[in-house]
1. In nm, to one decimal, how far is the K226 label point from the L137 one, both placed 7 Å along Cα→Cβ?
2. Between F167 and K243, what FRET efficiency follows from the Cβ-Cβ distance if R0 is 45 Å, with the result rounded to 0.05?
3. Based on C-alpha coordinates, I'd like the Rg and Dmax of the chain, in Å.
4. Can you compute the helix-only [θ] at 222 nm over the chain? Use -39500 (n - 2.57) per DSSP H run of at least 4 residues, normalise by all residues, nearest 500 deg cm²/dmol.
5. Along the Cα-to-C-beta direction of I118, a point sits 7 Å from the Cα; which residues of segment 60-102 have their amide N less than 18 Å from that point?
6. Out of all Cα-Cα pairs in segment 87-177, roughly what percent, to the nearest whole number, are more than 24 Å apart?
7. Can you compute 3J(HN,Hα) from phi for each residue in segment 7-14, using the Karplus curve 6.51 cos²θ - 1.76 cosθ + 1.60 with θ = phi - 60°, rounded to whole Hz and x for Gly and Pro?
8. Quick check: the distance between the Cα centres of segment 24-60 and segment 130-177, to the nearest angstrom?
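The values are calculated or read from the model by the stated rules, or taken from the named source; none is laboratory data. Small disclaimer: the values here were computed from a predicted structure and weren't measured. Don't worry about glycine lacking a Cβ; one is built from the backbone with ideal geometry, like all the others, and counts go over all protein chains shown. Side chains included, ligands, DNA and RNA excluded: accessible areas come from the protein's heavy atoms. Shrake-Rupley method; radii C 1.70, N 1.55, O 1.52, S 1.80 Å.
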Amino acid sequence: MKVFVTRPIPEVGLRILKEAGLEVVVRESDLPPSEEELIEGVRDANALLCLLTDKVTERVIESGKKLRIISNYAVGYDNIDVEAASRHGIIVTNTPGVLTDATAELAWALLFAVARRIVEADRFARMGKFKGWHPTLLLGFELKGKTLGIIGAGRIGTAMALKSMGFEMRIIYFSRHHNETLEKKVGAQKVALDELLSSSDFISIHVPLTDETYHLIGKREIELMKPTAILINTSRGAVIDEKALIEALKEGKIAGAGLDVFENEPHIPEALRKMDNVVITPHIGSATYRAREEMAVMAARAIVDVLNNRIPQHIVNEKDILECC
Ligand code: DGY
């Protein structure tokens, strides 16, 4: 049986596939595949191991006549037409859990970088502009006593909030469900979105991209934020209306932003690249050695399970698949 892997992933994952006796075809490129390449790749494949950059459309799914599983090397799966996969009886899996801390840590790194102007300060020092200590040089914001608003209290949002222990912050969160862990461990309070936006000093987004969360943060929402607020996004770019954010940053409606994700990746608007109060990273939330290896193991194991007629972990269309097949 054949597995089409859209990009070289850590060897540990490929080894699991090969040791299971599967034929592994790895597309050797650093760039995302086109729809035609995906269609060609899955044509005679039994499994597809793809990345968050790969648009697995209905056309791709339809061309995979033997396809039994789409294993996404990511926790977010907005790149896959899951409904179409379900209609074709194809299992879709993702890689939750193993990248939770890596992503939450990056959100903190961005928060600190923006609040204390680390990138700007580094640039300043490297350019030889440091002429001696000065009382008003590169002033930023402290965290102690401030309010951190978490949008989306799932695994990553929860980890982000728990890591605030020690910084002595007030934690509020917006989520569909009460999060007992957060309430017990850091005294977090569940609030409405508008309240979170208007009372947070730092706002960190941790929701998946769905029809409901597309442009969840737009002009109206940004206008509710404090002029000193700092917005962090490590989830998906399109959760924020990027144009509205750029306008707000230009007009000084909020103090800054730390962005790991963008609306039309890999495009990063020049306006954002030019702003000193914006720290940008190229979608590296899960980019730690450990997380990427464990993601590879998880994605590979799901394929081995399905092709051996076992139920894999982390099926994202479990309900639809079980109903239909
Ligand atoms: C994911 O897995 O969805 C993350 O965005 C990777 O960084």
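1. The two pseudo-label positions are separated by 2.8 nm.
2. Values: r = 32 Å, r/R0 = 0.72.
Efficiency computed from Cβ-Cβ geometry: 0.90.
3. According to the Cα coordinates of the chain, Rg and Dmax are 21.3, 70 Å.
4. Only helices count here, giving -10500 deg cm²/dmol.
5. The answer is 101-102.
6. Above the 24 Å cut-off, segment 87-177 has 42 percent of its Cα pairs.
7. Here the 3J(HN,Hα) series is 7, x, 10, x, 3, 4, x, 4 Hz.
8. 39 Å
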